[in-house]
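Structure record follows, encoded as structure tokens.
The values are calculated or read from the model by the stated rules, or taken from the named source; none is laboratory data. Small disclaimer: the values here were computed from a predicted structure and weren't measured. Heads up, the Cβs are rebuilt from the backbone with ideal geometry, glycines too, and the neighbour counts pull from every protein chain shown.
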Amino acid sequence: MFQIGRTQKYPQLRIGSVALHSMAFLCVLVVCTDILFFAGCKQPNDPVTTDTPDQPETDQPTQTTAPDQSDVPDQPDSLDQPDTPGQPDTSDQPDTPDQPDIPAQPDDPGQQDTPNQPDTSDQPDTVVPLEEPAMAELTGAAALHDYLAGLPENTEDTPYRIKVNGINLAVRGTSGNTLRTLYEALSRYVALDLRGCTGDKLINVRTETVPTKAYLVSLTLPDTVITVDKYAFSGCTALTSVNMPQVTQILHGAFSHLPKLTSVYMPNVQVIENNGAAASNGVFYMCTALTLVSMPNLESLGNYAFSDCTALQSITLGPTPPVLGTNVFKDTKIFSAIYVPSAAVTSYKTTSRANWTSDLKEKVQALP
């Protein structure tokens, strides 16, 4: 009996120990799961610790930084970086592939316009005939006629530059080598250099008898010419400049009615004559493009000399006031200065010579 009772008691102990072990295991399991649960939940619940703003209120300075940290969660806005997948919108950069339009730069018609520059090379074609005549020397009116006949037509802006020799400018005549036959040989616009010609006087050639004078654009006279006869250039409607280095006397009407004359070089001229009463006889009457004139050796200026020169601004004179005719500067409304050597200003302003009006004396200034 005693043995039987013992054997029955030990099994009960085993059962109890097993039960205790299982209970302990369950407790450990529960504790572990709780730990894991709280450990996993703390992180999401940590922002909830912001619910404990009471503590930061005590540390207000730090609390201000702390809410900034709570602002840091706004960084989740940066988590909106998923919106950065909107960067594929930057993949709209495929629009930048429009940069292939840049290769369209070769399509720039402007560059194709540069081939048009060869068109500008057409201009050299027009320049070539200008340079060739300037280097050529022709002798006589007949040679000039034939030479011009072989050239293409041109304009006043592109005159053929030609040097002509062998003309006696002082001889009157309708044949041979005279000024008249020189004018008649013109069939293209020309800039004539006559320094290889002879004669002391450029004689009168009437406009109505030689209409081809209208082709003369510029003229250089030889040093032998000292006199320009009356109406010598009247009718040269395209004439823009005249170089007369040794001319001392110009007779009435010589340059009248020349609407394009802008420049006259006459450093040695002494007498510009007109004793008539008609304005149309003025040497430079109606030269409406003439602006500046220099006559440092002038002694006498005839009637209506610069009448109706509406663009005339100033003249330059020498040390002695010249004798003036009547109405020398009639209707020259913008004429404002008479330049003289500084030492001569007083003599001009006090001169008693006729027709030196107070208005003209006021225009006298020293050369700049």
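Below is a table of values for the structure above.
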item: Qualifying residues in the range 236-251 (those that are surrounded by fewer than 18 Cβ atoms within 10 Å (Cβ to Cβ) and not hydroxyl-bearing (Ser, Thr, Tyr)) - the one nearest to ALA191 (Cα to Cα); result: ASN243
item: Selection within the range 296-348 - aliphatic (A, V, I, L, M), under 22 Å from ALA279 (Cα atoms), touching a residue at least 24 places away in the same chain (Cβ under 8 Å) and surrounded by fewer than 16 Cβ atoms within 10 Å (Cβ to Cβ); result: VAL323, ILE334
item: Residue check for PHE233: more than 21 Å from CYS197 (Cα to Cα), in contact with a strand residue (DSSP E or B) (Cβ under 9 Å, 6 or more places away or on another chain) and crowded, with 20+ Cβ neighbours inside 10 Å; result: no
item: Residues located in the range 174-195, provided they are surrounded by fewer than 17 Cβ atoms within 10 Å (Cβ to Cβ), over 20 Å from THR158 (Cα atoms) and touching a Leu at 6+ places or on another chain (Cβ under 9 Å); result: ARG195
item: Selection count, the range 245-254, where residues are of a type in the set (A, V, I, L, M) and farther than 23 Å from GLY325 by Cα; result: 0
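Residue-wise test of (1) over 43 Å from the mean Cα position of the chain (by Cα); (2) in the same structural domain as THR248 (by TED's automatic domain parsing); (3) not in a loop (DSSP other than H, G, I, E, B).
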position: LEU312; (1), (2), (3): no, yes, no
position: PRO319; (1), (2), (3): no, yes, no
position: THR326; (1), (2), (3): yes, yes, no
position: PHE335; (1), (2), (3): no, yes, no
position: ALA344; (1), (2), (3): no, yes, yes
position: TRP356; (1), (2), (3): yes, yes, no
position: ASP359; (1), (2), (3): no, yes, yes
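Yes/no matrix, rows are residues, columns are (1) closer than 17 Å to VAL271 by Cα; (2) of a type in the set (Ser, Thr, Tyr):
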| position | (1), (2) |
| --- | --- |
| ALA191 | no, no |
| ILE203 | yes, no |
| LEU219 | no, no |
| THR227 | yes, yes |
